[in-house]
1. Exactly one of (1) closer than 20 Å to Ala32 by Cα; (2) modelled with pLDDT under 95 is unmet by Asp197. Its number?
2. Out of the strands (runs of 3 or more DSSP E) lying entirely within the stretch 153-201, which hold 1 or more residues that are more than 7 Å from the ligand (Cβ to nearest atom) and surrounded by 19 or more Cβ atoms within 10 Å (Cβ to Cβ)?
3. Examine the stretch 122-143 for a residue that is buried (at least 18 other Cβ atoms within 10 Å of the Cβ) and over 27 Å from Glu185 (Cα atoms), and state whether such a residue exists.
4. Would the stretch 174-182 turn up any residue that is over 16 Å from Leu45 (Cβ atoms), in contact (Cβ under 8 Å) with a residue 60 or more places away in the chain and polar (S, T, N, Q)?
5. Tell me, which residue of the stretch 59-76 that is of a type in the set (D, E, K, R) and surrounded by 18 or more Cβ atoms within 10 Å (Cβ to Cβ) is nearest to Phe125 (Cα to Cα)?
6. Determine if the stretch 46-58 includes at least one residue that is of a type outside the set (Lys, Arg), in contact with a His (Cβ under 9 Å, 6 or more places away or on another chain) and surrounded by 19 or more Cβ atoms within 10 Å (Cβ to Cβ).
7. Select from the stretch 107-121 the residues that are more than 12 Å from Leu151 (Cα to Cα) and surrounded by 20 or more Cβ atoms within 10 Å (Cβ to Cβ) and list them in ascending order.
8. So, Arg58, is that one under 16 Å from the mean Cα position of the chain (by Cα) and either of a type outside the set (Ser, Thr, Tyr) or modelled with pLDDT of 95 or more (or both) or not?
Amino acid sequence: MTDSPRKLTSTSPSNGVHADQWSIRPYPSNLASDVVTGPGVLLHLRPIRSQDAALLVRFHEGLSPDSVYRRYFSVHPHLSDSEVRHLTQVDYVDRFAFVVETGDTLVAVGRFDRIPETTEAEVAFIVADEYQHQGVGLLLLDHLADEAWSLGITTFTAETQADNRSMMGVFEASGFAVNARFDEEVITARFSIQPTDESRASRGRRTVRVEGARRARSDGA
Ligand SMILES: CC(C)(COP(=O)(O)OP(=O)(O)OC[C@H]1O[C@@H](n2cnc3c(N)ncnc32)[C@H](O)[C@@H]1OP(=O)(O)O)[C@@H](O)C(=O)NCCC(=O)NCCS
């Protein structure tokens, strides 16, 4: 990660970088990496791709109603075809998503969508119920912030239900300085994703754990 946003394409009036006719970004396969959960399970993280449609549908249909409600603010057991297209077809510049998988099963998705013509993006996360509370949300935030920063995004915002302690816990554990605004049942969190000593330290500890999990897997193989 660099200390200043990298300009990929032409600069918008608001000094952001955005997808335009000259900047069709190919699938960024270099962003794939192994990650490890709190209990030490090694998973794989990679940018989403349009071929993930069937995997995403299966992932969504395996979520609990509560998790779906917390993500979509509505009872939404099935994704429509157009939602699946919207969620899986991204430009990797203004719209970006990482999936976390084990084998051919998705266990989490985290994404950001740039607010048009700004350097802010809205983030959203969903982790399979059986993988929640194991550090996956925080790992996703690390990787999303890294990538967004490199694309000229400086600030993340997220709307979450006021009692969603896990989501706010992820933001607070990231090492970024989170500003939270309460409006009845909803919290709007907003924070700079400029790397800080604290965010670097928090991330460094997790990198060390990935190496340990990789070694444990190869020792046991
Ligand atoms: C909210 C959600 C994405 C969080 O993902 P997660 O993988 O469960 O979160 P993590 O395990 O990384 O971190 C959250 C927890 O760890 C704590 N935490 C994580 N890393 C930590 C660290 N290094 N230090 C201190 N606390 C830490 C958080 O406070 C929080 O506590 P909890 O698990 O006891 O609630 C997930 O629970 C989810 O998908 N929920 C349903 C959908 C949703 O709510 N989406 C958010 C709206 S966009």
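1. It fails just one condition, (1).
2. 155-161, 186-192
3. Checking the stretch 122-143: at least one residue is buried (at least 18 other Cβ atoms within 10 Å of the Cβ) and over 27 Å from Glu185 (Cα atoms).
4. no
5. This residue is Arg71.
6. no
7. Val107, Ala108, Val109, Gly110, Arg111
8. No; evaluated as a whole, the condition is false for this residue.
The values are calculated or read from the model by the stated rules, or taken from the named source; none is laboratory data. These numbers come from a predicted model, not from an experiment. Neighbour counts run over all protein chains shown; Cβ positions are idealised from the backbone, glycine included.
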